[in-house]
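Quick notes on the structure that follows.
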Amino acid sequence: MANFELVNSLKEPPLLIASVYPTIISLAFSETKKSRISCKEKTSAEDGVVENDSVFVQLIKTAGITLNAGERQNDIAVDQAIFQKKLCQILRKHPFYPHVVQEFVSGLETHIKDRDQFRNCLLPCAPVQGEGTRSEKMHFFLPAPRSYVGTFGTNFPRLIVNQFKWLDKILDSKELVMKLMQMVSVSPAPIQHDIITSLPEILEDSQQSEVAREVSQLLKRDTRLTVPILDALSSLDLDAGLLAEVRQSAMIIVPAVKLEDLPVVIKFILHNVKAVDTVEVISALRKSLDLSSCILPLQILSSQRKLKSQPQTSSSTSEVSSSQNCVKLLFDVIKLAVRFQKGISEAWIKAIENTISVSDHKVLDLIVLLLIHTTNTKSRKQIERVLRNKIPLGCLPEQLLQSAFQNHSLVIKDFFPSILSLAQTFLHSADPCVVSFGSCMYKQAFAAFDSYCRQGHQKNLEINESWYCGYFDTSLFQNVLDYTEKLNPQQIRKLFYILGELAFSQRQEDCYIQDDMHMVIRKWLSSTVPKYKQMGIIGAITVAGCMAAKRWERNRTCQLSLNLLYYCCEQSPEALALYYDELANLIEKQKGNLDSQILERIGKSVVEDFSNDFVVDLTPAVDGVHLFPVKSLYNLDEDESQGTIVINLLPLLSQNSLVKSVDEMTISSFSRIVSPECLSPSFRLLRLYTTEQHNGSMEEIDALLGCPLYLTDLEIERKLDSLAKQEREFLCSLLFHALNWFREVVNAFCQQQDLEMKGKVLTRLQNITELQNMLGKCLAASPGYVPPPAIFDCEALEAAPPVNAVGLVKKKKTGRENYPKILMQTICGQGFSRIAQLSDFKYLGSQQGKACRNIGFSHLCQRSSQEVAQCAVELLKPLCNHMENMHNYFQALITENQGVVDGPRVNIQEHQLMSSCYQQLLQAFRLLFAWSGFSQRENSDLLRSALKVLADKLKPGETEFLLLEDLISESFHYLLNFQHSVPNFQCALTLTQLLIVIAEKPMASWKKDKIASLAKQFLCQSWMQPSGMREKGSQFSNALHTLLCVYMEHTDNILKAVEDISSVGVPELINSANDGYSSTYPTLTRQTFPVFFQVMMTQLENSVRSIPAGKPSDSSEVQIEKLLHWNVAVRDFHILVNLVKVFDSRPVLSICLKYGRLFVEAFLKLAMPLLDYSFKKHREDVQSLLKTLQLSTRQLHHMCGHSKIHQDLGLTNHVPLLKKSLEQFVYRVKAMLAFNHCQEAFWVGTLKNRDLMGTHSQASSSPAITSLG
C-alpha cells in the first residue's frame, strides 16, 4: 500500500493508480469469502528478509525500507517523508523512466500476492534503531501507533479501507466512492461499518451531500449500521433539509435501536437541532425514549434464575452492568447538550410541563429534571416549580421515584447534591403530597447509595431531623436537639415520637437517650419563654404516649412524668390548656392502645379538675362583684331545676380579669389560676376520655349537653354605645368563650344516637347561630379588640392579632372551630352529626399551602389526608340529599315567581342564606374530588366509593360492577343536572369547576364540549340579585374572569370564540345605553369589558403560539391550513386592537399594549417563517394577511403616542419593548420580500406619532410600512 502514495506522488498520469486499485481491492475483499486469517498463519516457508532481483524490491531497499516475509513488519531506516522523496528521485533518474514505473507497480502486484507480505505492506513499518536514525517510530503508511497491528489484526478489508483516508490525491474520487458504495450494499456488516466510517475522510466537499443522502437511506433499512452512519453524517456538511430528514429518521428508530447504540442516536439528534425546532424535537424525543425498554433490571434476571434454578452467573451480572453503563452514557450525552447547547434545558422543561396525562409521565422525566437541576443553576427554581406542580397531581408518584433509584442508581448518584437540596426544600412545603415525596427521596437515596452518600444524608438529616425517614442514628441525638428552635409544633411531635420509639423499644430500654430526653424536656418546662415551654409540653406528652403505648414495665415513671408536667403547667392558663389539648390528642390517636392505668390516671385528674374549676350548682344568686349582672341562660333542662348544674363562665371571666389587673407581686406564685381559656380544652379531654372508657357513649356526662351557662342579660347588646371600652371587650370575651363551649358540646354529642340528645344538639346549633350574630355586632363596636387565645399550639402564642370592625370573619379564624362549620350544621338534617368534621375537611383542603390560615385547625392537621378523605366520602350521601333539596328549593322558587329571580315573593335574606349554603355544598364537593390523593393507586378504591355515591343517584343498584370511566360519566351527568338551579354566578362557577374536576379523571372530548357549552350558557345568562340589581363588584369580576378562561380553554376553536364575542357581543354593547349590556352575552357590560378584553387578548396570544412554525418541508395543504389559522388570528387581533378607540380606559390600554407586543413577537417567531416559504405559492393570501396586520400595528403605534402624550408611567413602561417589536416586524417583512425577490412591493416610510383619535403629535417618529402591494 506504500506504493499507492508513492505512485500518487510522482505527478505522472494517474492512470497507473487506477490500474493498481482494482487489483488490490479485488484481492483484499476476496479474502472475506474465506475464513478470517489468523495472525499466526504463514504463507512463506520461514520468516526473513525478502530478497530478489525485482525492480520493486531493489528500489524500495535503496530508498530505505526493508521488506520482510512472514509475520515480521517491514523495517524503515529513514523518516517517511525522506523515503518518499528519495524513491521519487530514484524513479525519475532511472534510465528506463517512465517505463520503470510500470515495472515497479508490477513488482508490487507480485509482492502482495503473498498474504503475509500483503499484510505487512498494509501495516505501519517498524523503525530501525541505528546511527543517524531517530528513536521515535516512523510510519510509512498511516500515522498510527504500533498497537495498530493488534487493533486490526489480519482484517484486510479494514486495513485497506483505512489506506484510502490518507491518500494525497485520487484520480477519480467519484468512481472510487461509487465502488465503495457498491461494496456497502453487498458486504457483511463489519465491512460496511468500516467503509461508512471512513467516508468523511475519503469524500471531496462536492460529494458530501449526494453521498450523505444515499447513506441516510441505509439508516431506514438496517438499524445495525446506525452508529457508523450517524458518526459519518455528523462529520459531513449537510443542508438543512437533509439534516431534518436524517434527524427524523433517527427519531423514528429510537424505540427500536439497541441500547448500546442509543447514546450515539441521541447525541446526533440533540447536536443537530436548531433553536426554532428545539421544543418540537425534544417533545418527540421524550415520547420515543422509554427507559423501561432500555434497561434489563436485576429483578428480571433474578426471576429467570429462579425459573431455571440456577445461581447468578457472571454473564448475567456483566449484562446488567453493561446496560447500566449504556444508560449512564445516554444521560451523559443529554447532560452535555444541556450544558453547552442553548435552549435544550428549557425545551426539556417545557416538554415535561406540557405533558398533561398522569400516565404519560416517565422515569425519564424525573431523571432529566434532576440532571437539569444539577447542571443548569439558572433553572433550579423552575425545576422546583415544575415538581411542586406535578407532585400533587399524581404525575410523579412515589413508585416512579422508587423505580428511578432502583434501576438507575448509577445515573442518579451523580445528582446527589440536587437530591438532597430538593428533598430538604420539599420537606418544608405546606403540601402533604410534596412533603411525602421529599421524604421518599430521602429514603430511596439512603437505600440506593453507598456509605459515602449516606454520611451526607445523615449530615443533612441533622438539620431536617423532624422529617427523619426511619434511618435515625441515636448518636445524632445531641446534634438533633440543636435545631429544635426551627421546628413548628407538628414537627416537634414527629421528632419526639421518633425519639420515644428509639428510647423505649425493647432493644434500647436502658439507652442513655431516655435520660437525655427527660433532661431536655425538664429544662424546657422550667423555662419562662412560651416557645420552650410549649415544646416541653408537646415533647413530654408525646414521649409519655410512647411509654404508655408500649405497655412499658415502669408505668410509675410515666405517671411521675405526667404529674411533673401538670405541676409545671397549672400556673399558666395557656400552658394548662395546651396540656389538656395534647392529652386529648394522645387519647384520640392511641385509641385502645394506651395502658389502662395511665388512662385511668388521666381520667381521674380531668374529671376532678373540670368539676372543681368550671361546674357549680345552679343557685338563685351568685356571690361576688362583676362587671355585668350574672344570669343563667340556655338551660335545656328546665324541668329538672332541682340539682341542676351550671357552667360558671361569667364569674370565672371576672375573676380572671381581676387577676390580670392586680400587681403580680401580690399574688402567690404557688396559687393555681382557673381561667375560662381552659374550659373548652378541658371538656374536650373529658369527652374523649369518656368515649374511650365507655365505647363511644356519652351518657356519663350528658348533663353537660343541656346545662345552662352563667352569662348576663344579652339584651345589653342594644346598649353597646353606652358601654365603656372595658365593658365591651369583656362582653366580646364572654360571648367568645360561650361560643367555643357550645362548639365543643356539639362536637362531643353530635354522634350520639339518642333522640333526646339529637334534639338538644340541634338546639345548641341554634344557640350558636344566635351568639354568632350577637358577637358580630359586639366586634363591630370594639375596634382593636384582641380575642383570648383558643388554639394553644401556635408558633407564637403571644402574637394574637387584633380584631377590628371588619369583623367576625377575621375573628373566627382564631377560634376553635370555623364559621362555615356552623353554617353547614345549620342547613343539614340527618347528616348534621358529622358535618362539623366536614367543614373542617373542606377548609383544610382550601387552605393547603397557606400555613398562616391553619390557625384553628391544628387538631385536624394531625390527621392524614387519607383519613380526612375517608370521612368526607362517608358524608357524600347525606350531602347529595342536601344539594338535591337546594336544587328543588330554587327550582320551586323560580317556578313560583315565573322565572323571575327578583320577584315580589322572594325573601331576600332567606335567598341569600340558601345561596350561600348551596355555594358551600358545591365547594365541599369540588375540594373533595380535587384531592390529589385520588390519583394515587392506593386510593383508587376510595375514589370508586365516592363516584358510586353520585352514580347511584342516576342508576341505583347498578353501579357495583361499572368501570371507573362509566362511574365518572354517570357522576358527571348527575352533577350536570344542577345547572338549571344555580342561584348566582359564584355557584355557577363552582359547579363548572366541580364538573372539570370530575371530567379530568380522565378528560374525554364529549366532556370537554359539555363544559364549554355550560360555561357559555352561564356567560349568556343574565344574573340578577333578589334585590333586582345586576351582580357586580370585584368578586363577580374575578369569577367572570375565571369562567371566561374556562370557556376559552375548553372550546374546540378559541379563535372562533374570540371572534364571536368581539364581533357580536361587543357591538351589541356599544349600541346599548350607558348602563346596558350585550343581549347575546348579558355578562358583558361596560364594567366587565376589561375582563372580557384581557381574557380574549390572553387566549388569542396563547392560541397563536400553538400554531407550528412554518418549515421548508411543509406541503401546500399544510401551508394553506396554517395561513388560514393566521388569517383568522390576525383578523381577531385587528378587531380587538380597534376596540380601544371606543373603550379607551387605562386598564384596556395597558392590556392592549402588553398583549399586542406578545402577539407581534409570536407572529415574528412563528408566522414569518411560514410566509418566507409560502409567499410564492400563495402571494395574495400573504399580502392580505400582512396588510391586515399592518393596520393593527399602526394602531398600536398610535397607542404608544397616546401614552407619551398623557405621560402615564404605567402605560409608557410598555412602549419601548412594543416599539422594538414593531420595528422588527417592519424589517422582517422587508427581509421576507427580499428572500422572495419582491423588494418592489415594499416601501418603508416614517410614521408620524398620533394619539388614539388620529391627531398628530410632535413626538419622535418611527419607521413603518407605508405601502405593501
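The values are calculated or read from the model by the stated rules, or taken from the named source; none is laboratory data. Quick caveat, the model's predicted, so the values are computed rather than measured. Cβ: placed from backbone, ideal geometry, glycine included. Neighbour counts: every protein chain shown. Keep in mind that these areas ignore ligands, DNA and RNA; they rest on the heavy atoms of the full protein, side chains included. Shrake-Rupley method; radii C 1.70, N 1.55, O 1.52, S 1.80 Å.
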**OP:** Run the accessible area of segment 158-259 with a 1.4 Å probe and give the carbon-and-sulfur part as a rounded percent.
**Re:** 49
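Once the convex hull of the alpha carbons of segment 172-222 is built, what does its volume come to per residue, in cubic angstrom?
Numbers: hull volume 3.4 nm³, N = 51.
It comes to 66 Å³ per residue, whole-number rounded.
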**OP:** Provide the net charge surrounding residue 711, with neighbours chosen by a C-beta distance below 15 Å and charges set as Lys +1, Arg +1, Asp -1, Glu -1.
**Re:** -3
Subject >> Too-long pairs where the Cα-Cα distance tops 24 Å, listed order kept, from 179/267; 362/413; 1008/1056 >> reply: 179/267
Original post:
On average, how much accessible surface per residue is there in segment 938-985, in Å², for a 1.4 Å probe, leaving out ligands, DNA and RNA?
Top reply: 46
**OP:** Please give the residues of segment 394-424, grouped as numeric ranges, whose backbone N is less than 12 Å from a label point set 7 Å along the Cα-to-Cβ vector of residue 501.
**Re:** none
Original post:
At what distance in nm do the modelled label points of residue 888 and residue 1224 sit from each other, each positioned 7 Å from its Cα along Cα→Cβ?
Top reply: 6.3
Original post:
Can you give the extra length, in nm with one decimal, that the chain gains between residue 165 and residue 965 once fully stretched, where that is 0.36 nm per residue apart less the Cα-Cα distance?
Top reply: 281.6 nm
Subject >> Computed FRET value (nearest 0.05) for residue 430 with residue 1038, which takes r as the C-beta separation and R₀ as 30 Å >> reply: 0.85
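Could you order peptides 930-940, 1114-1124 by the average number of other Cβ atoms within 10 Å of their residues, highest first?
Values: 930-940: 17.1, 1114-1124: 14.6.
Highest to lowest by the protection proxy: 930-940, 1114-1124.
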Original post:
Charges only on Cβ, +1 for Lys and Arg, -1 for Asp and Glu: so what's the dipole of segment 888-977 about the Cα centre, in debye to the nearest 20?
Top reply: 160
Original post:
Ignoring ligands and nucleic acids, what accessible area does residue 1029 show with a 1.4 Å probe (Å², nearest 10)?
Top reply: 100
**OP:** Could you sort 79-87, 704-712 so that the peptide with the highest average Cβ count within 10 Å comes first and the rest follow in order?
**Re:** 704-712, 79-87
Subject >> Per residue accessible area in Å² of segment 1041-1174, where ligands, DNA and RNA are left out and the probe is 1.4 Å >> reply: 38
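How much length is gained on full extension from residue 339 to residue 700, taking 0.36 nm per residue of separation minus their Cα-Cα distance?
Details: separation 361, 0.36 × 361 = 129.96 nm, distance 7.17 nm.
Length gained between residue 339 and residue 700: 122.8 nm.
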Original post:
For residue 754 and residue 275 in the same chain, what is the full-extension length gain: residue separation times 0.36 nm, less their Cα-Cα distance, in nm?
Top reply: 165.1 nm
Subject >> Highest to lowest packing among 775-782, 719-726, scored as the average C-beta count within 10 Å >> reply: 775-782, 719-726
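Mind ranking 630, 101 by accessible surface for me, highest first, 1.4 Å probe? Don't skip to the end; give the middle numbers.
Working: 630 40, 101 5 Å².
Descending order: 630, 101.
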Subject >> DSSP-loop trypsin sites (Lys or Arg not before Pro) across segment 985-1060, with at most 15 other Cβ within 10 angstrom >> reply: 1032
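Where does each of 689, 918 land when they are ordered by accessible area, with a 1.4 Å probe and the largest first? Please list the in-between numbers first.
Numbers: 689 30, 918 0 Å².
Per-residue accessible area, sorted high to low, gives 689, 918.
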**OP:** Mind giving me the FRET efficiency for residue 357 and residue 220? R0 is 22 Å, r the Cβ-Cβ distance, nearest 0.05 is fine.
**Re:** 0.15
